[in-house]
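Asker: Quick one: structure below, then a few questions.
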Amino acid sequence: MVTFLLERTAPLSPDEAWRRLTEWPRHGEVVPLTRVTVVPPGPTAEGTLVVARSGIGPLGFDDPMEVTVWRPPAEGVSGLCRLEKRGRVVRGWAELEVHPGPGGRARVIWRETLRFPLVPEGLLRVAARSVFGRALNRLLRGA
């Protein structure tokens, strides 16, 4: 099992950073070979299922994640979203936090624990930090 932590201060308000981080289909736009769907479609709430399909054609797998905590940021209060990975291939959890930062900016923390069978932990740690680090940067840039 691999745990990693990414932290960024974004030139965005906490509300805008939250919106960008939790616009789930955009994760598929910034993570290579991945498409993201949401069940049910519409506003996210506890119980929402976010499914990331990674791979090419039949050589892929689903990473279903259930939203178990959904607390958007409010005036002066940090936001927290926790996703529990429910798949057969990838297990673990992810937490996205958005805090008020200096100068009205947002302080973002992405914490995740992954268990991915047959992938050595060292390789998984390096790949996850690289892929998710780039994804976080792109999500916060709006690209």
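Asker: So, for the chain, what is the accessible surface per residue at a probe of 1.4 Å, expressed in square angstrom? Working shown, then result.
Answerer: Numbers: 7580 Å² over 143 residues.
Ligands and nucleic acids excluded, the result is 53 Å² per residue.
Asker: Sticking with this structure for a sec: I'd like the trypsin sites (Lys or Arg not before Pro) in the stretch 1-96 restricted to DSSP loop residues with at most 12 other Cβ atoms within 10 Å, sorted by number. Could you put the intermediate results ahead of the total?
Answerer: Details: sites: Arg8, Arg19, Arg20, Arg26, Arg35, Arg53, Arg82, Lys85, Arg86, Arg88, Arg91; in loops: Arg88.
Those satisfying the criteria are Arg88.
Asker: If N is the number of residues in the chain, what value comes out of its Cα radius of gyration divided by 2.2 N^0.38 Å? Kindly include the intermediate steps, with their values, before the conclusion.
Answerer: Values: Rg = 14.7 Å, N = 143, 2.2 N^0.38 = 14.5 Å.
For the chain, the normalised Cα radius of gyration comes out at 1.01.
Asker: Going by alpha carbons, how many degrees (0 to 90, nearest 10) lie between the helix axis of 121-141 and the longest principal axis of the chain?
Answerer: Computed tilt is about 40 degrees.
Asker: Right, something else. Give the share of C-alpha pairs in each 5 angstrom bin for the stretch 1-62, from 0 to the last occupied bin, in whole percents, shortest bins first.
Answerer: 4, 15, 18, 21, 23, 14, 4, 1, 0
Asker: Could you check the spin-label model distance between Val39 and Thr3? Points 7 Å from the Cα along Cα→Cβ, value in nm.
Answerer: Here the answer is 3.0 nm between the modelled labels.
Asker: Then there's this: Once all Cα-Cα distances of the stretch 95-143 are split into 5 Å bins that start at 0, what whole-number percent is in each one?
Answerer: Histogram of Cα-Cα distances, whole percents per bin: 5, 17, 22, 22, 15, 10, 6, 2, 1.
Asker: Still on this structure: Helix-only mean residue ellipticity at 222 nm, the chain, DSSP H runs n ≥ 4 weighted -39,500 (n - 2.57), per residue, nearest 500. What is it?
Answerer: Theoretical 222 nm ellipticity from helices: -8000 deg cm²/dmol.
The values are calculated or read from the model by the stated rules, or taken from the named source; none is laboratory data. Nothing here was measured: the structure is a model prediction, and the numbers come from that model. Positions of Cβ are generated from backbone atoms using ideal geometry, with glycine treated the same way; all protein chains shown enter the neighbour counts. Protein only, heavy atoms only, side chains kept; ligands, DNA and RNA dropped before computing areas. Shrake-Rupley method; radii C 1.70, N 1.55, O 1.52, S 1.80 Å.
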